Each structure stands twice: as C-alpha cells, then as structure tokens.
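For reference, the structure discussed in these notes is given below.
Since every read-out is calculated from the coordinates, none of them should be taken as a lab result. Computed from a predicted model, the values in this text were never measured in an experiment. With ideal geometry, Cβ positions are generated from the backbone for all residues, glycine too; neighbour counts draw on all protein chains shown.
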Amino acid sequence: MSNVAAIRDIGSLLAARAAFDPVPVLASGSTTNGVEVTGYIIDRQADAFGGLLLSAKVIIQYTTVMASTSGTTVNAIITSNVQDSATTASTAFADYDNIDEDGPAAVTVAGTTVNGGAVIDTLSYDMSLGGAARYVRVQVTATLAGSSTSADLVNIAGVWVFAGSDQPPPA
C-alpha cells in the first residue's frame with residue numbers, strides 16, 4: 001500500500017478489539033469502587049494481518065456523574081496497565097512494562113467534579129508490543145475518592161487499537 005493510499009484508508013491498517021466489558025463503578029459502600037477489572041485475553045497472532053501485532057493504543061472512556069453536595073470534592077482516579085503471557089492461563093499473566101516505550105506500567109488520570117458535575121473523557125496510552133508475549137490483556141481500576149454518597153458514579157469502557165505486524169500486509 002502506498003503512503004497516499006494509507007493516508008486515505010488508515011483504517012485498513014488498524015485492528016480494534018474490545019478490552020473489557022463496560023463497568024459502572026459506584027462510590028461510597030460499593031463493591032466496585034477501587035476494584036481492578038481484568039480485561040479480555042487478546043491473541044496478537046490470531047488476526048487478519050497475520051503475524052504478531054507489534055503496536056497498540058489502549059483507550060479507556062470514562063464518564064462521571066457526581067451527586068455529592070456542594071463543597072464536596074470528589075476525585076475520579078482511573079489507573080490502567082497491560083499484562084502479557086505466553087499462554088491463556090489467567091494465572092500466567094504478568095505486568096508488561098512498555099507504555100510509550102519506557103514508561104511505567106500504570107497511567108493515572110484524576111478529575112475533580114463538585115455538586116452534580118459530569119466529566120466525559122478518555123484515558124489513552126501507546127504500547128510497543130515488540131517484546132510482549134503472544135497474549136495481552138488490560139487491567140483498569142476506577143476509584144472515587146472523597147465521595148459522600150453512593151450516587152456518585154464513574155462508568156468505564158475500553159478498546160485496543162492494534163497496528164503493525166511482523167509480517168507484510170497481504171498484497
């Protein structure tokens with residue numbers, strides 16, 4: 001594919017996969033607040049591109065709905081990391097530390113909303129997967145800190161966008 005064709009059809013060079021089921025995280029007294037969500041196991045080999053996918057962007061969408069009273073500061077903290085494994089056994093996965101080539105194994109974003117405020121945004125980070133094992137998965141934790149009501153909520157959902165392969169694209 002020529003560079004001009006790639007610019008006009010970048011989507012043909014990308015592969016999107018669901019990272020995990022959407023999760024509502026309620027605040028005060030909730031069993032979901034601050035609990036790590038482990039995503040789907042993704043096989044980087046089983047793809048239309050053939051070969052192992054070498055690069056990815058993890059995108060986590062979050063929406064907050066705060067019902068806390070005026071003067072209450074609530075922080076929504078979303079932390080994410082990627083794990084890899086040579087097998088699909090859940091216990092075989094370990095943190096894969098290659099966010100933005102040399103960054104930490106977790107990314108945290110904090111937003112403050114007060115008195116019924118709402119935030120709709122995304123947390124995203126790039127992954128170089130050249131050194132990763134065949135299988136990868138994302139983990140995400142959403143925590144609502146400072147909440148005084150169980151009505152405070154953050155919804156999270158995530159996708160992978162893969163690109164690059166150790167095999168040339170089909171002609």
Next on the checklist: Cβ neighbours within 10 Å, averaged per peptide: list 35-43, 131-139, 88-96 in order, most packed at the top.
Outcome noted: 131-139, 35-43, 88-96
Checklist entry - Once the piece of chain linking D43 and T91 is laid out straight, how much longer is it, given 0.36 nm per residue of separation minus the C-alpha distance between them? => result 15.7 nm
Item to check | Distance (nanometres) between label positions extended 7 Å along Cα→Cβ at V161 and E36 | outcome: 2.7 nm
